[in-house]
Structure formats: C-alpha cells, structure tokens
1. For region 16-42, name all the residues that are touching a residue at least 12 places away in the same chain (Cβ under 8 Å) and either touching a Gly at 6+ places or on another chain (Cβ under 7 Å) or of a type in the set (S, T, N, Q) (or both).
2. All but one of (1) modelled with pLDDT of 95 or more; (2) open to solvent by 30 Å² or more (accessible area, probe 1.4 Å) hold for ASP151; which doesn't?
3. Does region 45-60 hold any residues that are surrounded by 17 or more Cβ atoms within 10 Å (Cβ to Cβ) and either over 29 Å from VAL141 (Cβ atoms) or out of contact with any Leu (no Cβ under 6 Å at 6 or more places or on another chain) (or both), and which are they?
4. From the list ASN25, ASN39, which residue is closer than 27 Å to ALA134 by Cα and open to solvent by 30 Å² or more (accessible area, probe 1.4 Å)?
5. If you check ILE73 against the conditions, is it under 30 Å from SER147 (Cα atoms), touching a helix residue (DSSP H, G or I) at 6+ places or on another chain (Cβ under 7 Å) and β-branched (Val, Ile, Thr)?
6. Looking for something touching a Lys or Arg at 6+ places or on another chain (Cβ under 8 Å) and among the basic types (Lys, Arg) - is there at least one such residue anywhere in region 72-79?
7. LYS80 versus (1) without any contact (Cβ under 8 Å) to a residue 24 or more places away in the chain; (2) within 22 Å of LYS136 (Cβ to Cβ): which is the lone unmet condition?
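The values are calculated or read from the model by the stated rules, or taken from the named source; none is laboratory data. Nothing here was measured: the structure is a model prediction, and the numbers come from that model. Ideal geometry is used to build each Cβ from the backbone, glycine not excepted, and the neighbour counts take in all protein chains shown. Note: areas computed on protein heavy atoms with side chains; ligands, DNA, RNA excluded. Shrake-Rupley method; radii C 1.70, N 1.55, O 1.52, S 1.80 Å.
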Amino acid sequence: MEKEKLKLTGILEERFQHYDEVLENGCNDPLWADGVNLNLIRNHIIIAKRNIEEVFSVEDYPDVYYRMTPKKIDDDYMAKPDKIREKAKEVLDMFNSYFYLEELKNASYYLDKNQLLETGIGSVLCLIQYLDEAIKEDDLVGMRRLSKNSDYKIK
C-alpha cells in the first residue's frame with residue numbers, strides 16, 4: 001500500500017512539473033496549440049488527485065495534493081509566441097536566401113512528379129510556401145511545426 005501511495009504522489013508531482021514546463025516553454029506538438037495540451041495535462045492532474053482520494057485517508061494526503069489545480073486555459077494559448085514568430089521568419093529568410101532557390105523553382109516546371117519527389121525539390125518548395133502562409137496568417141502552431149529541424153531541412 002505504501003508503494004502505491006508513493007507512486008500516486010510521484011505521478012501528481014510529475015503532472016504539475018509537466019504543466020509548469022509546457023506553460024513556460026510550450027511543447028512540440030505539431031498539430032495542437034499549447035493551451036490544448038495544458039488543458040489535457042490539467043485533466044491528468046484532476047485524475048491524479050482523484051486517485052489519491054481513493055487510496056489515501058484525508059489526513060494522509062501528500063502536500064502536492066493541496067497545490068491548486070490549474071484553471072482551464074484558452075485552447076489557443078501559445079508559450080513564447082514572439083520567439084515562434086521570430087524563428088519562423090528566420091527559417092523562411094534562410095530558405096529564401098538559398099543560392100540555388102531560383103534554379104529549384106525553375107526546375108520544378110520541367111520535372112515530373114516522381115523527379116520532384118526523388119530530388120526533394122517539391123517538398124522544399126511546399127515547405128517554403130506553407131511557412132510563408134503560416135507567417136501571414138499568424139498560425140503559431142504551423143510556424144512552430146514548419147520551423148522545426150530547419151538545419152536538417154535546408155540540407
């Protein structure tokens with residue numbers, strides 16, 4: 001029983017730590033805003049507290065149990081939005097300043113689908129277009145996703 005109590009306490013502590021980390025630094029979810037993930041973690045905190053209520057007696061609740069459960073946050077919340085915007089613009093500038101970009105664009109008119117796929121030219125041109133659109137639309141999730149691993153992508 002003591003082992004289970006330690007486990008449940010550890011789970012709740014980990015959930016709070018994860019929440020704090022995502023709130024401050026965001027996450028790397030390619031499809032969902034940080035707010036959606038924070039609300040999911042909040043639900044995990046609520047469940048972890050309920051599990052403690054089922055196993056512990058009230059007088060034995062661990063200190064972490066009394067930490068306030070985070071309030072529901074706006075699903076569109078993004079941590080460090082200015083940093084995401086800055087990185088996206090930096091990556092787009094890096095792609096747009098690529099020495100052979102115009103040649104790649106010209107080649108895309110003469111290559112068939114298989115050649116565009118094999119060479120990666122089609123993927124790069126799509127990435128540039130999508131990143132440009134994400135910046136124009138202030139789509140922070142899209143900017144974060146498309147800017148990730150930019151050094152690898154430029155190679």
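1. Correct list: ASN25, ASN28, ASP34, ASN37, ASN39.
2. Failed condition: (1).
3. ILE45, LYS49, ILE52, PHE56
4. Criteria check complete, one pass: ASN25.
5. Details: under 30 Å from SER147 (Cα atoms): yes; touching a helix residue (DSSP H, G or I) at 6+ places or on another chain (Cβ under 7 Å): yes; β-branched (Val, Ile, Thr): yes.
Yes.
6. Scanning region 72-79, I find at least one residue that is touching a Lys or Arg at 6+ places or on another chain (Cβ under 8 Å) and among the basic types (Lys, Arg), so the answer is yes.
7. (1)
Residue-by-condition table, conditions (1) charged (D, E, K, R); (2) under 30 Å from LYS3 (Cα atoms):
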residue: ILE46; (1), (2): no, yes
residue: ILE52; (1), (2): no, yes
residue: VAL58; (1), (2): no, yes
residue: TYR77; (1), (2): no, no
residue: GLU86; (1), (2): yes, no
residue: GLN115; (1), (2): no, no
residue: SER123; (1), (2): no, no
